[in-house]
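The values are calculated or read from the model by the stated rules, or taken from the named source; none is laboratory data. Here the structure is a predicted model, which is why all the values come from computation and not from measurement. Here Cβ is always computed from backbone atoms with ideal geometry, including for glycine, and neighbour counts include all displayed protein chains.
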Amino acid sequence: MSDKPQFFGLHAQPGPYLTWALAAIPFILAIVIYMVAADIRHKENPQDKLLPNLSQMTDAAKRMAMDEDRRSGKILLWSDTAASLKRLAVGVALAAVVGLLLGLNMGLFPGMHVMLASGLTFISMIPPLSILPILFIMVGVDELAKVTLIFIGIFPVIARDILMAVNKIPREQITKALTLGATHLEVAYKIVLPQILPRLLESVRLALGAAWLFLIAAEAIAANEGLGYRIFLVRRYLAMDVIIPYVFWITILGFLFDSMLRLLLKKKFAWYVARG
Amino acid sequence: MNEKNNAPKLLHIENVYKQYGEKMILDNIDLIVNEGEFCTVVGPSGCGKSTLLRLILGQEPPTEGRLLLDGKPVGYPNTDRGIVYQRYSLFPHLTVLENVMLGPSLKLGLMERRRRKTELRDEAMHYLQHVNLHLHGNKYPHELSGGMQQRVAIAQALIMKPRILLMDEPFGALDPQTREDMQIFLLELWEQEKMTIFFVTHDLEEALYLGTRIFALSQYYSDDRGHDHKKRGAKIVSDHKLPSAVASNEIKHTPEFLALLETIRKDAFEKDHLQHVREFNLKHPDSYQTLTEEESNHRG
Ligand SMILES: Nc1ncnc2c1ncn2[C@@H]1O[C@H](COP(=O)(O)OP(=O)(O)OP(=O)(O)O)[C@@H](O)[C@H]1O
Ligand SMILES: [Mg+2]
């Protein structure tokens, strides 16, 4: 076994350096292709806006992240980020709490299931973006509409995911809890709830992508600050040098939240991670 | 039916049927279990041993008939009955100590639980010591071996001091050596705690070794309902008193004992050995059987 393959075949075991190098390849490739393409366009027209080169983008990013906006006096990148994250956090938190409570109670109590199951399935079939106009008409174009869109977009998914997790808990455990003297509510909130909290974290991780989608869409249509608003605003001037760094920034934020949730899971729910 | 024995009846099962859809699983079961008995239940796979346990536990109702515990209908699962399964007995999100403390602390209100925290801990530690796991209190179930997990599950059930401890193949997933250790361990506990145990296993030798009473559940028998009767379910086809293993280990190697093993094996596990309902080996003093007219046309 001295000549373990590093890359090819079923038995490949890339070493630590190679692992880093391999993981970097797709990124490097994408950057190189972009730079070559940008270079070709800039040879034809040094003022090209469609594929800005690196210096154009860093200039724009610096401007957005450090200079105060002349009209509002705010530093745009940060005020946009704060506005967007607030909407995202409130929407996702609400969806998580409601999804958890719905899934838990529906999974355990047949009465709740009968009452809510078809309603939940129905709601989850509505394409959330299609009701955005309704939201704007009903709750106005301010914060509430955006938060509501995120909430409606992801809570059914979380609720159904939690419901499935609750259904997977062996019946024996619930019987066991009853023989230890637990009341019905104690079974729900002391035995089952703590066991599905880690599943909730995973659920939220998966739902975050959709949450961003709804946030950007709502901001694009009606807002006066926010990451999505800015991207769609500067699109009018073909300001790719702003758009690309913004998209990059959103990606980093998404990656950051995902990693945070993953770490939290590992730290707080070792028993769950260990069971696989 | 049971006048000669004056010990209090703990569990009384009378004319119990259990049917899933069209399929009859338990077919007119009658059983009396007295306090302090170590009852072992054997039978072929799928004959309905776990089903009987679920009925006693109250997890499911019988299709017909009555199950009484201390003279009262068993009702839904509660603290009267403890249960140890082959798996899933422990709560994965709680440490060993928390698993054992869970029962006693559920009884108390929030304030009371705070106030008596150390008392609860000490009690749980006492039981963990009993099962020889006091050094592992802070571990999670997934960090323990199968045998250790089962010992925690036993402590978790014992601390509630149930009227009857139900066990469904609790050692079924253990390797032979661990299994033997656990058997000795369980017998010692039973001696000390004077419990009533209802122990399901598909291992006849284990059942004979552990029990003070053994009975076999089986669908391999005949009756007067005709050979092609569709809805025949399992009955208690064999019921015997056993010398306590704790009292003497030697008895369990005598010729009579080996003969008993062979009898039960034939009665319960052999497909072609069909005893008539009137000829079952119901030798235990507490055993009784009420047959319907259909099952037994014979009068007298
Ligand atoms: N919920 C259910 N619905 C339908 N059939 C069931 C149900 N539970 C059990 N059965 C059937 O009842 C029969 C008895 O099952 P049970 O689990 O009691 O057998 P067992 O004697 O414990 O078997 P084993 O030794 O394999 O554990 C089986 O044929 C099984 O398929
Ligand atoms: Mg079984």
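Which members of region B:168-207 meet the condition of being touching a residue at least 12 places away in the same chain (Cβ under 8 Å), β-branched (V, I, T) and away from ligand 2 (no atom under 16 Å from the Cβ)? Scanning region B:168-207 gives B:T178, B:T196, B:I197. Considering only residues in region B:134-155 that are assigned to a helix (DSSP H, G or I) and of a type in the set (G, A, S), the one that is surrounded by the most Cβ atoms within 10 Å (Cβ to Cβ) turns out to be B:A153. Residues in region B:156-188 that are part of a helix (DSSP H, G or I), more than 12 Å from chain A (Cβ to nearest Cβ), under 18 Å from B:R87 (Cβ atoms) and aliphatic (A, V, I, L, M): B:M182, B:L186.
All of A:T251, A:T179, A:T183 fail the test of being touching a strand residue (DSSP E or B) at 6+ places or on another chain (Cβ under 6 Å) and among the hydroxyl-bearing types (S, T, Y), apart from A:T179.
Among the conditions (1) modelled with pLDDT of 90 or more; (2) over 30 Å from A:L193 (Cα atoms); (3) aliphatic (A, V, I, L, M), A:L54 misses just one, which is (1). The residue that is nearest to ligand 2 (Cβ to nearest atom), among those in region B:39-57 that are assigned to a helix (DSSP H, G or I) and away from chain A (no Cβ under 13 Å), is B:K49. Return the residues of region A:157-181 that are over 20 Å from A:R199 (Cα atoms) and polar (S, T, N, Q); say none if nothing qualifies. Listed by number, the residues that qualify are A:T175, A:T179.
For region B:103-126, the set of residues classified as within 13 Å of another protein chain (Cβ to nearest Cβ) and hydroxyl-bearing (S, T, Y) consists of B:S105 only.
Taking the criterion of being farther than 14 Å from A:F151 by Cα and either surrounded by 18 or more Cβ atoms within 10 Å (Cβ to Cβ) or in contact (Cβ under 8 Å) with a residue 40 or more places away in the chain (or both), the residues of region A:86-115 that qualify are A:G103, A:L104, A:N105, A:M106, A:G107, A:L108, A:F109. For the criterion of being of a type in the set (G, A, S) and without any contact (Cβ under 8 Å) to a residue 24 or more places away in the chain, B:G65 fails.
Looking only at region B:43-62, residues that are without any contact (Cβ under 8 Å) to a residue 12 or more places away in the chain and within 10 Å of ligand 1 (Cβ to nearest atom) come to 2 in all.
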